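Quick notes on the structure that follows.
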Amino acid sequence: MQYWTSRAYEKSEADNSFKFKFKQHAQFSDLSQELGSVWFIELDHNPPVDPVIPKLRPPLLILLNSDNLADYQKVLNDWQPDILLLANQKSEIDGWIEKLQIQALTRSKKRQTQKTQMDRNRELELLAGNLEKLVEQRTQWIEASNREQRDLIRSDRRFVQFLIDLSFQNSKEELLNSFLQEFRKLRLAQEIYLLHQDSDHLTLQHFKGHNFQKIQFNESWWTSREIETLGENCSRKLSSVVGRPVGKLVVFPLPAYFENLATENWALVIERGSALALGEGDFSNIKKHVQALGLTLEKNRLENHNRLSALRWEKVFDGALDPIAIITKNFEILRHNKNFSKNENPIKKCYSVLAGRNDVCPQCPLVSTELESYEIQASHRTFQVMSHKIDESSEFFLHRYVDITDVQDKRVQFIQNEKLSSIGQIAEQMAHEIYNPLAGILALVEILLADETLLATTKADLIEIQKAAVRAQKVIENLQDFVSQENEVTAITLEEIIDKTLPLLKMNWRSYKLHLDLHTQSKKIHVQPQLISQVVYNLIQNACQSMEKGKSLQLKSFLTSDSVVLEVIDQGSGIPEALQASLFKPFFTTKATGEGTGLGLSLSKQFVERFGGKLTFSSRVGQGSTFRMEIPFGS
Amino acid sequence: MDPKIRLLIIDDEPLIRRAFQKLFSGSDYHVVVAEDGLQGLEIWQKHHFDFVFIDILMPGLNGWEVLESKSEWGSTRVQMMSAFTGDLSDKKVWIEKIDGFLPKPFENVMGIKQWVESHKA
């Protein structure tokens with residue numbers, strides 16, 4: 001090895017001087033460990049021929065006594081100094097070293113800056129690299145979690161859609177089929193069974209083709225009542241029944257939602273063909289579905305129950321013979337049955353639909369609440385209203401209308417009969433009290449008239465007395481007939497009836513001009529005379545009551561091909577059109593309360609119809625009315 | 001021959017009693033009147049009469065009840081009178097026993113006198 005002298009100088013950070021580092025005969029290889037701290041190197045004589053030239057990068061290289069620069073070429077290439085100094089003597093370079101110090105300083109700063117920049121760049125690169133990696137990581141992570149999210153959403157959406165589809169299915173068959181298809185699509189199961197387990201008895205139901213198949217075993221497989229994987233023996237037993245190999249069976253209990261259902265005995269069994277075990281996600285997915293199944297089964301059961309109850313209620317409601325309606329306190333109909341109204345009405349008022357009125361029925365229970373009973377008129381019938389509050393707030397009422405027309409008629413007839421019988425009794429009493437004196441008068445007058453010594457004037461007077469007594473007697477006789485309780489149908493002419501009835505009304509009709517135009521003496525009608533007499537009485541009385549004094553009242557009777565007709569024609573005020581429809585309704589009256597019961601026309605019509613006749617009228621306001629009674633004279 | 005024809009009139013109507021008294025005035029007749037059934041019965045039990053006219057409807061004892069109480073009257077002629085007959089179905093026994101029935105008002109008052117005259121003794 002060749003030795004050469006050289007010296008390395010190091011710059012001191014403290015005072016920017018160059019400190020002699022070392023003088024070497026050593027190999028520069030040692031210097032490689034101190035890269036960066038060598039500032040300049042003096043090479044004396046020959047360049048190092050050390051095969052390993054340390055990697056130094058001295059900024060300054062001083063070559064002393066270097067005759068041939070070419071010899072230093074390798075060194076120069078390797079070390080690449082910034083400044084190369086060639087000197088013959090060391091003394092020459094002392095002064096330069098000082099100058100160099102200053103220059104070196106500058107360069108050092110430049111280097112420093114460069115280094116810092118380079119470091120910074122490197123750091124930045126590193127950072128950028130790191131950031132890139134981070135971003136990539138993050139991106140991957142986000143993508144992964146997005147994918148996960150999307151999967152979850154997709155699975156949820158699918159589940160929701162599945163639930164929606166479920167709600168349209170009403171039968172157990174449809175339900176189980178849907179679940180089976182879903183499980184198959186989700187690869188959760190290849191077959192499902194509905195399991196019912198008693199203490200020692202179990203049933204498996206599953207949908208096979210188009211039918212439900214029930215498989216029963218007299219043993220207990222599902223003992224834990226929790227999620228359980230059944231043993232292989234169960235699979236084998238099932239397999240022997242269904243005639244094909246059966247995979248693993250996992251039981252999922254159907255949740256019990258309602259206390260009174262023994263749903264702890266119910267479960268869904270899934271059959272897995274795949275050997276793969278169920279993952280956690282699969283478990284939770286299946287559980288979700290099983291919950292839905294339980295809910296849906298229960299919902300269907302309740303719906304059926306409700307539907308049957310509703311149906312039953314509908315039948316009862318609609319089939320009820322009485323009209324029934326549910327109304328609000330403002331008389332609006334919410335619901336009604338067929339006997340209330342045959343048509344489906346848009347919301348209308350109850351008094352309009354049932355009774356054909358424009359205003360509330362008098363005696364409506366919604367208006368007057370203290371009455372003992374509420375009776376209304378509708379379609380020519382009388383109804384008693386049974387009113388029930390549906391809820392406590394008195395918003396809704398259930399009204400049942402009981403047809404009491406017949407009862408009413410009977411009641412009216414009964415009252416009528418009672419009246420008549422008491423009138424009859426009074427009449428009998430009075431008649432007796434009056435008849436006797438009359439008989440006495442007539443007897444005595446007759447005897448007096450037999451006296452031949454009577455004065456002519458006295459005789460004339462006695463005759464008048466006799467006539468008066470006879471007239472009084474006739475009235476009593478007519479009254480007797482009128483209130484007679486006898487129910488015999490007799491053949492009698494209309495004229496006879498009118499003849500008996502007119503005297504009873506004399507107080508009424510004598511204020512008017514009475515015209516009689518009667519032409520039916522030739523035909524007899526078969527009636528109960530006192531009833532028709534009452535009709536005639538009623539018609540004449542009404543006619544008189546509608547007229548001012550002095551107007552004319554006509555009674556016309558004539559024959560048609562098969563009937564006897566009586567027309568009572570008045571010149572009264574006439575009947576307004578609005579009232580005409582209600583004229584024959586029971587209790588209809590235009591008189592003030594207490595003056596009339598309004599029984600007259602409705603009963604009259606009944607009496608006439610009883611003998612096959614008709615009672616009609618025509619009327620014009622301002623002109624008067626004509627009431628027409630027609631009775632056939634056939635048998 | 002009896003000195004007088006004796007008649008008993010039982011009727012609550014004063015004019016009827018008066019009419020009979022007038023009809024049978026004169027010395028040939030002796031007319032006794034009673035206002036009601038009880039009075040009439042008492043009189044009839046005590047005395048004999050050739051003719052008895054009884055009103056049916058009277059306060060207290062009515063005509064039929066008088067007959068029931070008297071039950072036997074020999075050859076006396078009895079006629080019932082009344083404005084109202086009522087239900088005669090259960091009176092058939094008495095209807096057969098009496099001589100006649102006069103509805104009121106009398107159709108022919110003078111005819112009554114003729115009947116009496118033709119049936120006296």
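Just a few scattered comments:
- Sites residue A:144 and residue A:164, calculated FRET efficiency, Cβ-Cβ separation with R0 30 Å, nearest 0.05: 0.50
- Computed E for residue A:303/residue A:348 - FRET, C-beta separation, R0 51 angstrom, nearest 0.05: 0.95
- Where the alpha-carbon atoms of the range A:169-314 are placed on the principal axes, they occupy 54, 33, 31 Å, in descending order.
- Cα gyration tensor shape of the range A:404-485, rounded if a/c is under 1.5, else prolate or oblate by comparing a/b with b/c: prolate
- Simple spin-label estimate for residue A:417 and residue A:511 in nanometres, 7 Å along Cα-Cβ: 3.6
- FRET efficiency for the pair residue A:610 and residue A:311, taken as 1/(1 + (r/R0)^6) with r the Cβ-Cβ distance and R0 = 51 Å, rounds to 0.65.
- The slack in the chain from residue A:134 to residue A:496, taken as 0.36 nm per residue of separation less the alpha-carbon distance, amounts to 117.6 nm.
- Rounded to whole numbers, the Karplus 3J(HN,Hα) couplings from phi for the range A:459-465 are 4, 4, 4, 4, 5, 4, 4 Hz, using 6.51 cos²θ - 1.76 cosθ + 1.60 with θ = phi - 60°, and x at Gly and Pro.
- Peptides A:389-400, A:605-616 ranked from most to least packed give A:605-616, A:389-400, packing being the mean of other C-beta atoms within 10 angstrom over each peptide's residues.
- For the range A:489-635, the Rg and Dmax computed from alpha carbons only, in angstrom: 14.6, 43
- Spin-label model, residue A:372/residue A:198: points 7 Å from Cα along the beta carbon direction are separated by 6.1 nm.
- On full extension, the segment bounded by residue A:475 and residue A:430 gains 15.0 nm, given 0.36 nm per residue less the C-alpha separation.
- Taking 0.36 nm per residue of separation and subtracting the current Cα-Cα distance, fully stretching the chain between residue A:220 and residue A:330 would add 33.3 nm.
- Within 10 Å of the Cβ of each residue in B:104-111, the mean number of Cβ atoms contributed by other protein chains is 5.
- When the convex hull of its Cα atoms is projected in every direction, mean area for the range A:353-467 (nm²): 13.3
- Converting phi to 3J(HN,Hα) with the Karplus coefficients 6.51, -1.76 and 1.60 and the offset θ = phi - 60°, the range A:435-444 yields 4, 4, x, 4, 4, x, 4, 4, 4, 5 Hz in sequence order, with x at every glycine or proline.
- Calculation over all alpha carbon pairs of chain B in 10 angstrom steps from 0 returns a P(r) of 13, 50, 33, 3, 0 percent.
- Ranked order, A:334, A:297, B:23 - accessible area, probe 1.4 Å, largest first: A:334, A:297, B:23
- With the whole protein complex present, residue A:207 retains an accessible surface near 40 Å², based on a 1.4 Å probe.
- Near residue A:168, once Lys and Arg are set to +1 and Asp and Glu to -1 for all other residues with Cβ below 15 Å from its Cβ, the sum equals -3.
- Largest to smallest accessible area among A:179, A:617 [probe 1.4 Å]: A:617, A:179
- Label positions at residue A:455 and residue A:153, each projected 7 Å from the Cα along the C-beta direction, are separated by 13.6 nm.
- When A:314, A:228, A:548 are compared by accessible area at a 1.4 angstrom probe, the order from most to least is A:548, A:314, A:228.
- With 18 Å as the limit, the listed pairs A:214/A:237; A:585/A:605; B:4/B:113; A:315/A:348; A:208/A:299; A:474/A:556 have A:315/A:348; A:208/A:299; A:474/A:556 beyond it between alpha carbons.
The values are calculated or read from the model by the stated rules, or taken from the named source; none is laboratory data. In this text, all values refer to a predicted model and were calculated from it rather than measured experimentally. No Cβ is skipped: glycine too gets one built from the backbone with ideal geometry, and neighbour counts run over all protein chains shown. Note: areas computed on protein heavy atoms with side chains; ligands, DNA, RNA excluded. Shrake-Rupley method; radii C 1.70, N 1.55, O 1.52, S 1.80 Å.
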